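Inspection log for the structure reproduced underneath, given as structure tokens.
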Amino acid sequence: MIEFQQVHKTYRVADRRGAGREVPALQPTDLVIGAGEVFGLIGHSGAGKSTLLRLINRLEEPSGGRILVNGEDVTALDADGLRRFRQRVGMIFQHFNLLMSKTVADNVAMPLRLAGNHSRAEIDSRVAALLARVGLQDHARKYPAQLSGGQKQRVGIARALATEPDILLCDEATSALDPQTTASVLQLLAEINAELKLTIVLITHEMDVIRRVCDRVAVMDGGAIVEQGPVTDVFLHPKHPTTQRFVLEDEAVDDGEQRDDFAHVPGRILRLTFQGEATYKPLLGTVARETGVDFSILSGRIDRIKDTPYGQLTLALVGGDMAAALAHLDAADVHVEVLR
Ligand SMILES: Nc1ncnc2c1ncn2[C@@H]1O[C@H](COP(=O)(O)OP(=O)(O)O)[C@@H](O)[C@H]1O
Ligand SMILES: [Mg+2]
């Protein structure tokens with residue numbers, strides 16, 4: 001659906017003496033985003049996420065490279081082609097970008113009015129359907145200032161969907177929302193993705209957002225993609241230090257503290273990762289019985305990555321036939337990391 005071929009971006013900023021200064025924001029990047037997937041981009045502030053996203057609908061012009069959308073080279077579009085192309089790409093923002101002097105219904109109708117090829121009756125019925133879809137049918141005549149943050153973002157989503165786009169770009173769309181509202185907006189995005197088969201590209205700095213809705217993820221650092229893959233792989237087996245830090249932060253939020261180094265705990269320390277069906281198998285009891293190894297659970301988590309259940313356990317093992325226990329675990333449907 002979206003393909004980057006050696007796309008790069010350098011901003012030129014005039015300094016006080018009028019000389020140009022160059023800010024490299026995106027290194028030459030190759031990227032393929034499939035039709036119908038929810039693709040996440042995670043990175044710290046300044047990593048180049050917004051630049052990459054805004055290149056997709058050419059809110060930013062690339063300094064070089066080609067961007068293909070559905071096989072069409074969007075870097076080659078003229079003004080007219082670009083206007084038509086942008087109707088196929090919806091976008092939502094961290095601070096919603098609603099027109100405060102217009103009603104909810106008028107905000108949602110705006111892209112249809114600008115497109116200029118819809119009758120008034122068509123626009124009215126489409127706006128009503130969109131507001132119903134995002135759960136705001138009773139708020140059509142209100143103004144944005146009368147809505148909560150979550151409701152404002154729902155207006156933003158309805159407006160983004162008005163022209164029936166095939167792509168939805170989300171730039172930190174939940175970053176201004178509390179955790180509960182974030183969860184409900186992410187749920188809405190997941191439903192829209194499933195029902196409308198829309199491709200979603202979503203920026204965040206929170207691994208939790210990636211874990212809840214994304215199929216694949218790219219991790220950005222210093223204007224480059226440093227790691228990418230299915231969320232289950234990247235989240236459970238992060239390789240790049242930046243990815244590892246994001247995953248640790250996500251766990252620390254849940255535990256309410258930093259990871260213990262277990263210096264005072266005797267025995268071998270293992271970290272087991274289960275995924276899918278293996279999450280529910282009674283593996284540890286079997287290993288303990290058959291090898292005489294005792295274990296204590298130091299930390300653990302059972303959760304979901306989108307629809308896939310997973311578990312991660314940090315264990316201390318003592319006594320028994322340690323080699324046999326390790327071999328048994330290794331042969332099972334579980335990923336074993338020996339931490340010590
Ligand atoms: N319009 C701009 N003009 C000049 N520099 C910019 C502009 N937009 C972004 N940058 C710079 O490009 C880099 C990447 O920014 P951005 O894509 O906004 O990152 P992120 O969204 O990950 O926070 C940063 O160094 C930022 O300061
Ligand atoms: Mg940004």
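Taking only the Cα atoms of the chain, the ratio Rg/Rh comes out at 1.06, with Rh defined as the Kirkwood radius. Accessible area per residue for segment 261-338, computed on protein heavy atoms with a 1.4 Å probe, is 53 Å².
Taken about its Cα centre, segment 261-338 carries a charge dipole of roughly 160 debye when the Cβ of each Lys and Arg holds +1 and the Cβ of each Asp and Glu holds -1. Solvent-accessible area of the chain (1.4 angstrom probe, protein heavy atoms only): carbon and sulfur portion equals 49 percent.
Can you list the lysines whose alpha carbon is less than 26 Å from that of LYS281, not counting same-chain residues fewer than 8 positions off? Counting by Cα, and skipping residues close in sequence, LYS281 has these lysines nearby: LYS306. In this calculation the C-beta distance from ALA323 to ALA145 is compared with R0 = 56 Å, giving a FRET efficiency of 0.25. A Gaussian network model of the chain, with springs between Cα atoms under 10 Å, assigns the largest mean-square fluctuation among ILE302, ILE123, ILE33 to ILE302. For segment 1-124, take N as its residue count and report Rg(C-alpha) divided by 2.2 N^0.38 Å. Relative to the 2.2 N^0.38 Å estimate, segment 1-124 comes out at 1.26. Using the Cα gyration tensor of segment 261-338, with a ≥ b ≥ c the square roots of its eigenvalues, what is the shape: rounded (a/c below 1.5), prolate (a/b larger than b/c) or oblate (neither)? The shape class here is oblate. About the centre of its Cα atoms, segment 113-189 shows a dipole size close to 340 debye [charges on the beta carbon of Lys, Arg (+1) and Asp, Glu (-1) only; nearest 20 debye]. Restriction of the trypsin sites (Lys or Arg not before Pro) in segment 95-143 to DSSP coil positions whose beta-carbon has at most 16 other beta-carbons within 10 angstrom yields LYS102, ARG141, LYS142. If R0 equals 35 Å, the separation of the Cβ atoms of ARG304 and HIS44 corresponds to a calculated FRET efficiency of about 0.85. Applying 1/(1 + (r/R0)^6) with R0 = 41 Å to the Cβ-Cβ distance of ALA176 and ARG16 gives a FRET efficiency near 0.80.
Charging the Cβ of each Asp and Glu at -1 and of each Lys and Arg at +1, and nothing else, the dipole of the chain about its Cα centre rounds to 1400 debye.
When the charge dipole of the chain is built from unit charges on Cβ atoms (+1 for Lys and Arg, -1 for Asp and Glu) and taken about the Cα centre, the candidate among HIS328, ALA316, LEU136 whose Cα reaches farthest toward its positive end is LEU136.
The values are calculated or read from the model by the stated rules, or taken from the named source; none is laboratory data. Small disclaimer: the values here were computed from a predicted structure and weren't measured. Heads up, the Cβs are rebuilt from the backbone with ideal geometry, glycines too, and the neighbour counts pull from every protein chain shown. Each accessible area value is taken on the protein alone, full model and side chains, heavy atoms only, with ligands, DNA and RNA left out. Shrake-Rupley method; radii C 1.70, N 1.55, O 1.52, S 1.80 Å.
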